[in-house]
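What follows is calculated from the coordinates using simple rules that are stated; it is not laboratory data. Small disclaimer: the values here were computed from a predicted structure and weren't measured. Here Cβ is always computed from backbone atoms with ideal geometry, including for glycine, and neighbour counts include all displayed protein chains.
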Amino acid sequence: MSQQAEEFFNIANEAQGLARELAPGVTTRIFPGEQAMLSVVTIAPNGQGTMHSHPEEQWGLLLEGSAIRIQGGEEIAVSKGDFWRTPGGVPHTMKAGPEGCKVLDVFAPPREAYRRAGKGFASAT
């Protein structure tokens, strides 16, 4: 594979990215870059992450399913195509609907704790 080809990915290819188990029923595949990082998060039906915060800005896009975004003390229902911004330092988590969900998160700058495979959110609130 050429060096250029190593910079191309497919969201459906489960073998790509750094695997991380964030919580029971919550997994992600992470794609770190120099100035930003993508994370493809899958949440099992009715699954929920852990309330946490981090200094990096985060944008999220609901790719599949439905969910409740819990952020800054509010619960907001989101559906496929909805996207949101989470400023650094704001406590947040996600609760999937009955069919589960898939979210594309973008972090800027990249989260250092996510530059390696592993477990956990790395900063619970």
Percent RCO, i.e. relative contact order, over the chain, from Cα pairs under 8 Å lying at least 6 residues apart:
32
According to the square roots a ≥ b ≥ c of the eigenvalues of the Cα gyration tensor, what is the shape class of segment 31-77, taking rounded for a/c under 1.5, prolate for a/b larger than b/c otherwise, and oblate for the remainder?
oblate
DSSP beta bridges in the chain: the antiparallel percent, rounded to 5, is 95
Projecting each Cα onto the charge dipole of the chain (Lys/Arg +1, Asp/Glu -1 at the beta carbon, about the Cα centre), which of M94, A36, L104 comes out farthest on the positive side?
M94
Quick one: what do you get for segment 67-125 if you divide its Cα Rg by 2.2 N^0.38 Å?
1.20
Evaluate the relative contact order of segment 68-123 (contact order divided by residue number), counting alpha-carbon pairs under 8 angstrom at least 6 apart; express in whole percent.
31
Report, in debye and to the nearest 20, how large the dipole of segment 51-110 comes out about its Cα centre when Lys and Arg carry +1 and Asp and Glu carry -1 on their Cβ.
60
Just add up the charged neighbours of D105: K/R +1, D/E -1, any other residue whose Cβ is under 13 Å from the Cβ of D105.
+4
Rounded, prolate or oblate, given the Cα gyration tensor of segment 2-73, with a/c below 1.5 counting as rounded?
prolate
K102: which aspartates and glutamates have alpha carbons under 19 Å from its alpha carbon, excluding same-chain residues fewer than 8 sequence positions away?
E14, E21, E64, E75, D82
Remind me, what semi-axes does the chain give for its equivalent ellipsoid, largest first in whole Å, using sqrt of 5 times each Cα gyration tensor eigenvalue?
23, 17, 13
